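Chemist: Sharing a structure here in structure tokens format.
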Amino acid sequence: MDPRALRYGRYMVAAHVGLIRVRHLPNFNEIYERATAEWNAHGPRQPAADQVEKFYEEIDKYCSQENPTPEQSVMAVHAGIGATIWMAQYAFGSEPGERTRLVKQGNDFGSEWVRKLLELDNTVQSLWQKPIRYQQADGNIAECTIIDYGTCTSYRFPDGKYYTVVHANDGKEVKYTMDDMQSILEKRIE
């Protein structure tokens, strides 16, 4: 994949994750208004030709923060969307075919990530509070039950999602990231 398209796709994902982290909050409108005012006052603007790398560095700061506040998550949405729009209009060259190819590659990357996220959510909902048997790395069979899942802004959960599981062997509750939960489900024994 062209590195420019990959950057474009990652910015799409960052915007989506930023939204996941905050859309459920009861004071979302207040957070959105504060963050948008901050973004409008201080967010990066369309760069001059010799400032493109600096622009990307600024966007990256917004899109890759660990443990972002809700306001920072909204600013990541603005950064990701703003950057993808700018890239599609200016960074992918003036040749329409090339621009279309790069946007498609970036969209495909971002869409695949979002598809996996939605697919995981659907699987988790169907297995909610039901025993899940899976094969561990050592070859042993383990059993766990999903007792909670949702969104959060903790740095431990960079994709904004968590899954709380109770393990049958010791009764311990463990919070897993999206990647961890996906790994368990991929090793599921039905």
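The values are calculated or read from the model by the stated rules, or taken from the named source; none is laboratory data. Keep in mind it's a predicted model, so treat the numbers as computed, not measured. A quick note on method: Cβ atoms are made from the backbone with ideal geometry, for glycine too, and the neighbour counts reach across all protein chains shown. These accessible areas exclude ligands, DNA and RNA; they are computed on the full protein's heavy atoms, side chains included. Shrake-Rupley method; radii C 1.70, N 1.55, O 1.52, S 1.80 Å.
Chemist: Against the definition (in contact with a Phe, Trp or Tyr (Cβ under 7 Å, 6 or more places away or on another chain) and open to solvent by 30 Å² or more (accessible area, probe 1.4 Å)), how does His42 come out, yes or no?
Modeler: In short, no.
Chemist: Scan segment 47-91 for residues that are modelled with pLDDT under 90 and either within 15 Å of Ala15 (Cβ to Cβ) or in contact with a helix residue (DSSP H, G or I) (Cβ under 6 Å, 6 or more places away or on another chain) (or both) and report the count.
Modeler: Adding up the residues that qualify gives 3.
Chemist: Tell me which residues, restricted to segment 93-133, are outside any helix (DSSP H, G or I), of a type in the set (S, T, N, Q) and out of contact with any strand residue (DSSP E or B) (no Cβ under 7 Å at 6 or more places or on another chain).
Modeler: Ser94
Chemist: Then there is this: Does segment 106-123 contain any residue that is open to solvent by 50 Å² or more (accessible area, probe 1.4 Å) and over 24 Å from the mean Cα position of the chain (by Cα)?
Modeler: no
Chemist: Could you pull out the residue among Arg10, Arg34, Arg21 that is in a helix (DSSP H, G or I), free of Cβ contacts under 8 Å to residues at least 60 places away in the same chain and surrounded by 14 or more Cβ atoms within 10 Å (Cβ to Cβ)?
Modeler: Arg34
Chemist: If you take the residues of segment 171-190 that are in contact (Cβ under 8 Å) with a residue 12 or more places away in the chain, charged (D, E, K, R) and not in a loop (DSSP other than H, G, I, E, B), which of them is farthest from Lys116 (Cα to Cα)?
Modeler: Applying the filter and picking the extreme gives Glu173.
Chemist: Now for a different question. Failed condition for Asp50, given (1) over 20 Å from Gly110 (Cβ atoms); (2) open to solvent by 60 Å² or more (accessible area, probe 1.4 Å); (3) within 18 Å of the chain's Cα centre (by Cα), with all others met?
Modeler: Asp50 satisfies every listed condition except (3).
Chemist: Also, I was wondering about something else. Could you figure out which of (1) at pLDDT 95 or above; (2) within 30 Å of Gln182 (Cβ to Cβ) isn't true of Arg34?
Modeler: (2)
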